[in-house]
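Here the structure is laid out as structure tokens; the discussion comes afterwards.
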Amino acid sequence: MKFTVIAETNEDLLHPTVYQLIGAISKIGAETTVICPNGKGSSEASKIKGVEKVISVNGDCFHLFDGSAWSTAINSVCEGTIVISASPNGREIGAMIAAKRDIPIIQDVTAISAGIEVTRPIYSGKATETLLINGDSVITLRPNAFENAELGNEAPISIVDQTSDLKISIIEAIGKASERLDVTEAEIIISGGRGMGSIDNFSHLESMADTLGAAVGASRAVVDEWGMPHRMQVGQTGKTVSPSLYIAVGISGAIQHLAGMRSSKYILAINKDPDAPIFTVADYGIVASWEDALPILKSELMKL
Amino acid sequence: MNIAVLLKQVPDTTAKITISNGKVDENNVSKWSMSPYDEYALESGLQLKEVTGGSLIAITCGPERTKKMLTDAAAVGADKLIHISEDKVLDSTQVQKLLAATVEKSGAEVVLCGKQAADTNSGSTGPGVAEILNAVCVSMVSEVSINENNFISTRPSNSGAEKVSSNGISVFTFDKGISELRRPNVRGIMMAKKKTIETIKPEEIGLEIENSDRITLQSQNSPPEKEPGQIFEGVENIPEIVSKLRNEANVI
Ligand SMILES: Cc1cc2nc3c(=O)[nH]c(=O)nc-3n(C[C@H](O)[C@H](O)[C@H](O)COP(=O)(O)OP(=O)(O)OC[C@H]3O[C@@H](n4cnc5c(N)ncnc54)[C@H](O)[C@@H]3O)c2cc1C
Ligand SMILES: Nc1ncnc2c1ncn2[C@@H]1O[C@H](COP(=O)(O)O)[C@@H](O)[C@H]1O
């Protein structure tokens with residue numbers, strides 16, 4: 001059975017999820033070809049265990065994201081079962097390649113076994129489903145749900161020149177780069193809700209986040225009412241995240257918020273209401289006001 | 001200009017999902033609603049219609065119950081309602097083909113849909129429909145406007161957001177939009193009740209839906225039960241929690 005991984009990158013480095021995609025495939029006893037759009041990260045990819053070969057697809061179309069152009073260029077070198085990260089771009093490219101090849105696409109897979117059998121959450125995490133796939137397909141894997149492949153390889157790299165016409169153009173960039181980590185990429189997220197009292201109090205969360213190397217997230221209430229950026233919103237109409245640790249501060253735990261974060265590996269909740277629903281999903285809970293809890297939490301973390 | 005909006009009816013976000021015999025029990029869903037992002041697609045479609053003086057075509061594919069959602073769309077201003085009637089369980093590729101063929105038939109120049117549906121949570125449909133129509137696709141947009149012959153949409157970027165220009169038939173998948181959603185008024189609701197819903201059978205658009213064995217559903221399940229958490233009253237136990245986070249959970 002053949003596998004093709006499509007690599008995403010962060011600047012010139014492979015996105016950390018690429019290690020997870022290759023790790024997931026190795027786990028079911030297979031090797032994979034890795035496609036690096038515009039060659040980015042190709043030498044790094046060749047060093048990952050479980051990689052059979054690396055194909056760098058070079059073309060002008062890769063200087064801005066146009067799912068249609070990217071999937072056309074990439075599709076030309078794909079084979080077998082195609083595996084991508086369930087990031088927004090990954091989902092789009094995956095859906096387009098599946099449509100081109102007229103093969104099924106299964107998005108946001110959280111477990112995979114030989115056969116191929118996959119499991120994925122549905123209804124925003126209120127249920128899961130397990131599917132058996134017969135033949136080739138496109139599978140996108142949820143970030144942070146799989147273990148990393150290790151380094152220690154020297155796979156051959158080949159270069160293919162393949163571009164495609166861009167159908168869009170960027171006419172304006174809005175907003176400046178945020179120095180803060182994106183919630184979908186972070187290992188640890190600390191999110192605040194209406195219980196923070198005001199937008200200014202988010203500075204306490206930011207300083208905690210800096211101590212932990214964490215991203216800052218938010219509930220919809222504070223995004224809507226205090227104008228926090230929507231990219232910070234976690235939940236049904238925000239981002240779906242699965243970090244190793246999710247810290248919810250002053251968030252009640254409405255079903256729509258849980259939809260975005262309940263698959264986090266560990267959840268720590270701080271809320272002054274012992275009956276807040278967030279405690280039903282929390283692994284660890286502190287029933288206290290954040291004003292009392294955060295300073296102590298921070299000083300304990302500093303001691304580590 | 002004809003504007004197509006793809007709308008899916010899903011269990012309301014507050015509805016409980018129950019499993020019986022290894023499958024989600026749809027009969028037990030207490031309330032069905034329009035998928036949340038589709039509401040933003042619809043709102044944006046209504047705004048495009050207002051500036052271009054076009055016609056808004058609401059399209060859904062699903063069982064009989066989904067007609068109610070089309071009527072709800074008419075109550076806020078959808079002009080034409082199309083129901084693709086298919087009771088079989090369809091995979092994503094089949095849904096995309098049906099929707100794409102219907103869009104093509106409707107003569108729409110722009111297609112708006114949700115970035116992902118609240119039941120599948122996939123995000124496959126918009127890009128797939130765009131691919132089949134050989135159309136432009138811009139995903140996760142928060143607004144779309146028209147400037148001369150170009151569509152100008154706003155999507156997230158690494159540095160915040162960016163404005164994207166496209167022309168020709170374009171598919172936009174919606175994230176949460178920037179506008180407030182409009183609510184129907186009494187007159188709208190009354191008018192909507194009288195609006196006819198055009199029903200299309202897959203055969204009529206030249207598509208025969210076969211049962212495919214490419215994907216077999218093994219089972220649907222409730223999410224794994226979590227062990228009850230360790231909840232502590234007051235702040236005295238914070239040092240203990242921090243040490244548990246380090247030694248028990250291994251996350252810091
Ligand atoms: C279609 C739809 C989609 C939605 N999508 C989302 C989504 O994507 N994300 C999302 O988050 N919500 C979403 N919501 C909204 C959701 O239903 C809730 O309204 C929202 O999550 C509540 O935010 P919150 O927990 O910050 O506020 P609240 O529910 O007001 O909770 C505040 C909490 O803070 C606690 N508190 C107060 N003061 C303190 C203090 N000093 N110290 C500690 N704790 C304190 C309170 O006990 C309370 O539990 C959606 C709703 C709908 C209908
Ligand atoms: N059966 C359907 N009928 C109409 N629109 C649909 C259907 N399925 C998906 N869509 C549209 O495509 C979006 C993404 O769906 P999905 O790919 O299932 O996540 C939805 O938000 C709808 O706008």
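Looking at B:ILE82, B:ILE169, which is the one that is more than 29 Å from A:PRO121 (Cα to Cα), in contact (Cβ under 8 Å) with a residue 40 or more places away in the chain, hydrophobic (A, V, I, L, M, F, W, C) and within 10 Å of ligand 2 (Cβ to nearest atom)? Residue meeting the stated conditions: B:ILE82. Summed over the stretch A:127-146, the residues that are part of a loop (DSSP other than H, G, I, E, B) and among the aliphatic types (A, V, I, L, M) give a count of 1. For the stretch B:177-190, the condition holds for no residue, the condition being that it is touching a strand residue (DSSP E or B) at 6+ places or on another chain (Cβ under 7 Å), on the phi < 0 side of the Ramachandran plot and modelled with pLDDT of 90 or more. For the stretch A:247-270, the candidate set comprises residues that are within 7 Å of ligand 1 (Cβ to nearest atom) and more than 10 Å from chain B (Cβ to nearest Cβ); within that set, the residue that is nearest to A:LEU141 (Cα to Cα) is A:GLY260. Inside the stretch B:122-155, can you point out the residues that are in contact with a helix residue (DSSP H, G or I) (Cβ under 6 Å, 6 or more places away or on another chain) and at the interface with chain A (Cβ under 7 Å from one of its Cβ atoms)? Once the filter is applied, which keeps residues that are in contact with a helix residue (DSSP H, G or I) (Cβ under 6 Å, 6 or more places away or on another chain) and at the interface with chain A (Cβ under 7 Å from one of its Cβ atoms), the stretch B:122-155 yields B:GLY123, B:SER124, B:PRO127, B:GLY128, B:GLU131, B:ILE132, B:CYS137, B:SER139, B:MET140. Looking at A:THR280, A:THR240, can you tell me which residue is surrounded by 16 or more Cβ atoms within 10 Å (Cβ to Cβ), within 30 Å of A:GLU147 (Cα to Cα) and within 16 Å of ligand 2 (Cβ to nearest atom)? Just a single option satisfies the conditions, and that option is A:THR240. The strands (runs of 3 or more DSSP E) located wholly in the stretch B:99-195 that include 1 or more residues which are of a type in the set (Asp, Glu) occupy B:143-147, B:160-166. Evaluated against (1) over 30 Å from A:ASN75 (Cα atoms); (2) more than 13 Å from ligand 1 (Cβ to nearest atom), A:GLU172 falls short on exactly one condition, (1). B:LYS105 meets all of the listed conditions (1) within 12 Å of another protein chain (Cβ to nearest Cβ); (2) surrounded by fewer than 23 Cβ atoms within 10 Å (Cβ to Cβ); (3) away from ligand 2 (no atom under 12 Å from the Cβ) but one, namely (1).
Tallying residues that are surrounded by 24 or more Cβ atoms within 10 Å (Cβ to Cβ), farther than 11 Å from A:SER68 by Cβ and in contact with a strand residue (DSSP E or B) (Cβ under 7 Å, 6 or more places away or on another chain) within the stretch B:127-140 yields 1.
Of the residues A:SER203, A:SER244, A:SER207, the single one that is within 10 Å of chain B (Cβ to nearest Cβ), more than 14 Å from ligand 1 (Cβ to nearest atom) and under 22 Å from A:ILE296 (Cα atoms) is A:SER244. For the stretch A:116-139, filtered to residues that are within 18 Å of B:ASP91 (Cβ to Cβ) and touching a residue at least 60 places away in the same chain (Cβ under 8 Å), the residue that is farthest from ligand 2 (Cβ to nearest atom) is A:ILE116.
Counting only strands (runs of 3 or more DSSP E) that sit wholly inside the stretch B:1-47, those with at least 2 residues that are under 21 Å from B:PRO63 (Cα atoms), touching a residue at least 40 places away in the same chain (Cβ under 8 Å) and within 15 Å of ligand 2 (Cβ to nearest atom) are B:2-6, B:9-11.
Go through (1) closer than 27 Å to B:GLY177 by Cβ; (2) away from ligand 2 (no atom under 16 Å from the Cβ); (3) in contact (Cβ under 8 Å) with a residue 12 or more places away in the chain; (4) within 11 Å of chain B (Cβ to nearest Cβ) for A:ALA173 and report which single condition fails. So A:ALA173 meets the others, but not (3).
Restricting the first member to the stretch A:275-292 and to residues that are assigned to a helix (DSSP H, G or I), and the second to residues that are more than 16 Å from ligand 2 (Cβ to nearest atom) and of a type outside the set (A, V, I, L, M, F, W, C), the beta-carbon pairs closer than 6 Å and six or more apart or on different chains are A:ILE278/A:GLY253; A:ILE278/A:ASN271; A:PHE279/A:GLY285; A:VAL281/A:ARG262; A:TRP290/A:GLY250. Considering (1) touching a residue at least 60 places away in the same chain (Cβ under 8 Å); (2) surrounded by fewer than 23 Cβ atoms within 10 Å (Cβ to Cβ), the lone condition that A:ILE251 does not fulfil carries the number (2). Screening the candidates A:VAL216, A:VAL160 for the property of being surrounded by fewer than 17 Cβ atoms within 10 Å (Cβ to Cβ), assigned to a strand (DSSP E or B) and more than 11 Å from chain B (Cβ to nearest Cβ) yields one hit, A:VAL160.
Taking the stretch B:48-64 as the range and being more than 16 Å from ligand 2 (Cβ to nearest atom) and of a type in the set (Val, Ile, Thr) as the test, the residues that pass are B:VAL51, B:THR52. Candidates in the stretch B:105-134 are the residues that are within 16 Å of ligand 1 (Cβ to nearest atom) and of a type in the set (A, V, I, L, M); of these, the one that is farthest from B:ASP12 (Cα to Cα) is B:ALA117. A search for C-beta distances below 7 Å between a residue of the stretch A:140-155 that is closer than 17 Å to A:PHE3 by Cα and any residue that is surrounded by fewer than 17 Cβ atoms within 10 Å (Cβ to Cβ), counting only pairs 6+ apart in sequence or on different chains, returns A:ALA149/A:LYS49; A:ALA155/A:GLU52; A:ALA155/A:LYS53. Restricting attention to the stretch B:156-177 and to residues that are within 9 Å of chain A (Cβ to nearest Cβ) and within 21 Å of B:GLU39 (Cα to Cα), the residue that is surrounded by the most Cβ atoms within 10 Å (Cβ to Cβ) turns out to be B:THR173. Meeting the requirement of 1 or more residues that are farther than 24 Å from B:VAL129 by Cβ, the helices (runs of 4 or more DSSP H) wholly within the stretch A:1-111 are A:17-27, A:42-46. Residues of the stretch A:221-237 that are away from ligand 2 (no atom under 16 Å from the Cβ) and at the interface with another protein chain (Cβ under 9 Å from one of its Cβ atoms): A:VAL223, A:PRO229, A:HIS230, A:ARG231, A:GLN233.
When the stretch A:1-51 is filtered for residues that are at positive phi and under 21 Å from the mean Cα position of the chain (by Cα), the ones remaining, listed by number, are A:GLU11, A:GLY41.
The values are calculated or read from the model by the stated rules, or taken from the named source; none is laboratory data. This is a predicted model, so every value here is computed, not measured. All Cβ positions, glycine included, derive from the backbone under ideal geometry; neighbour counts span all protein chains shown.
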